[in-house]
Amino acid sequence: MDRIAEITSFTVPPRWIFVRVRTAEGLTGWGEAIIPKRRNAVIGAIRDLTQVVLGMDPARIEDIASSLRKGSFFRNGPILGTAIAAVEIALWDIKGQRAGLPVFEFLGGRVRDNIRSYTWIGGDSPANVVSHAKERVEQGFDAVKMNATPAVAHLEWREATENLVQRMGSLRDAFGGSIDIALDFHGRVPRSVLKQMVKEIEPFDPLWIEEPFLPEHVGADELMARICPHIPIATGERLLHRWDFQRLLERGGVDVIQPDISITGLFEMEKIARLAEIYDVGVAPHCPNGPISLAASLQVDFCCANTVIQEQSLGLHYNQGYAGLPPADILDYIGDPDVLTTRNGRFDCPSAPGLGLILKGDTIEAAHTDWSLPDPDWRHRDGVYAEW
């Protein structure tokens, strides 16, 4: 019986945390953690978890993940969640390689031939959206996402709303209905402003309104469903597991959920998608992350019928050189770029074993850098710290 022999973390540009798991028999699997602004905490959590799993059978993925989630009296939280997810994803990669099968074959098999994808325009403080969208259309995409607004304070709705209406109008003038436009509110817009914004942007037919409320705002999803009955509402990237999503789904205010596989883990995301199917809710996995997170997300996309579209970070503003780090993009660390290359804005079904990636191990080791990323320090005009 094989055993987990080594777990190593690599922090590489532009802001990604890759995790390599090796077994005593020489198999290698890769996972990816996120939360780069808390890099040291994430790496520390992975080191702690390594002491638990060394010597364990890598095939017992659910048992290992359960022990890591339940083994401490104080549990949950995004730091521990992403550390566990990175290890668990790597174990699925190993399982698939051992069997010579893609991961989705262990989870019911393929239900589709390809899946639609979207990518970002506009940056944190959205600008130049038409020219950026033209680049995306030339790359084959017919769906894009942009932030709705920079930081905005309570009751200061007029300027932010006018700017959003202008941007949405310019995109519709340029492209008509030929592209879908998702709007990410990033939890940064107060409800007093949301009420005005939603009323003004409805004529532009957004694909969805994303994270219009923070997870901790009790009942905000039900409020949004009342004031925004005609635009789909999407959220869920900060939630950890089935129980978080069950509470959200039972309230009935959300149309699309967005679990992040580098927070939930791969098998847990598949379970979340199955749960959402009961409520007739679509799944659009959150993934402005690196190539390993994307490859893992695709494994769930291809075995769950209610996954509707896949986010990816191609050309994302953070990838262009963030906080002094060199630029990098999702194809730079993999030896088989076709696996994560879209055709007409869609990903084909992966066929290679495990996650389907060949990682450039030497390139990753050479790129490993002891970086740290600053907090954004967004503030309102009166100096109050703003939601980022």
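The values are calculated or read from the model by the stated rules, or taken from the named source; none is laboratory data. As the structure is a prediction and not an experimental result, all values here were calculated from the model. Here the Cβ is made from the backbone with ideal geometry for all residues, glycine too, and neighbour counts use every protein chain on show. SASA here: full protein model, heavy atoms, side chains in, ligands and nucleic acids out. Shrake-Rupley method; radii C 1.70, N 1.55, O 1.52, S 1.80 Å.
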For the chain, which whole percent of the accessible surface, found with a 1.4 angstrom probe, sits on carbon and sulfur atoms?
-> 49 percent
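Counting only helical runs of four or more DSSP H residues, what would the 222 nm mean residue ellipticity of the chain come to if each run contributes -39,500 (n - 2.57) and the total is spread over all its residues?
Helix contribution divided over all residues of the chain: -11000 deg cm²/dmol.
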Residues S131 and H154, FRET efficiency given R0 of 35 Å [Cβ-Cβ distance, rounded to 0.05] | 0.60
Mean shadow of the range 1-156, computed from the convex hull of its alpha carbons, in nm²?
-> 13.5 nm²
Run through the DSSP bridge list for the range 219-365 and note the antiparallel percent, rounded to the nearest 5.
-> 25 percent
Environment charge at L91 (Cβ cut-off 15 Å; Lys +1, Arg +1, Asp -1, Glu -1) = -4
Would you work out which of V21, G176, P206 lies farthest towards the positive end of the dipole of the chain, given +1 charges on the beta-carbon of Lys and Arg and -1 on that of Asp and Glu, about the Cα centre?
-> V21
Scan around H286 for amide H atoms under 5 Å from its own, H built in the peptide plane at 1.01 Å from N, and keep only partners 5 or more places away or cross-chain.
-> D260, I261
Quick one: Karplus J couplings for the range 258-265, per residue in order, coefficients 6.51, -1.76, 1.60, θ = phi - 60°, nearest Hz, x for Gly and Pro?
-> 10, x, 9, 5, 7, 10, 7, x
FRET efficiency, 1/(1 + (r/R0)^6) with R0 30 Å, evaluated for S351 and L214 via beta carbons = 0.15
Under Karplus coefficients 6.51, -1.76 and 1.60, residue-wise ³J(HN,Hα) of the range 57-70 in Hz, glycine/proline x = 6, x, 6, 8, 5, 5, 5, 5, 4, 5, 5, 6, 6, 9
Fully extended, how many nm does the chain gain between E25 and S72 (0.36 nm per residue separation, minus their Cα-Cα distance)?
-> 14.0 nm
Work out how far the C-alpha atoms of the range 210-350 reach from end to end along every principal axis, then list the three figures in whole Å, largest first.
-> 45, 35, 27
Compare F267, F347 by solvent-accessible area with a 1.4 Å probe and give them largest first, with all protein chains kept in place.
-> F267, F347
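Among DSSP beta bridges lying fully in the chain, give the percent that are antiparallel, nearest 5.
50 percent
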Stretched out fully, how many nm does the piece from R191 to Q320 gain, at 0.36 nm a residue minus the Cα gap?
-> 43.2 nm
At a probe radius of 1.4 Å, what is the per-residue accessible area of E202, in Å² to the nearest 10?
-> 60 Å²
Along each of the three principal axes of the Cα atoms of the range 106-201, give the extent in whole Å, ordering the values from largest to smallest.
-> 49, 33, 22
Quick one: if you stick a label point 7 Å off each Cα along the C-beta vector at Q139 and W388, how many nm between them?
-> 2.3 nm
Which residues qualify? For I334, with a placed amide H closer than 5 Å and at least 5 residues away or on another chain, they are K360
How do S262, S192 rank by accessible surface area computed with a 1.4 Å probe, from largest to smallest?
-> S192, S262
Please give the length that would be gained between Q246 and Y279 if that part of the chain were fully extended, namely 0.36 nm times their separation in residues minus their C-alpha to C-alpha distance (nm, one decimal).
-> 10.9 nm
Amide N proximity, the range 1-33 versus D329 label position 7 Å along Cα-to-Cβ, cut-off under 14 Å = 14
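Could the peptides 78-84, 180-186, 223-229 be put in order, highest first, of the mean number of other beta-carbon atoms found within 10 Å of their residues?
Put in order of decreasing packing, that is 78-84, 180-186, 223-229.
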Here the range 270-278 yields Karplus 3J(HN,Hα) values (6.51, -1.76, 1.60; θ = phi - 60°; whole Hz; Gly and Pro given as x) of 4, 5, 4, 5, 5, 4, 4, 4, 4
From largest accessible area down, sort S297, S170; use a 1.4 Å probe on the protein chains.
-> S170, S297
Counting only protein heavy atoms and rolling a 1.4 Å probe, one gets per residue an accessible area for the range 91-179 in Å² of 44 Å²
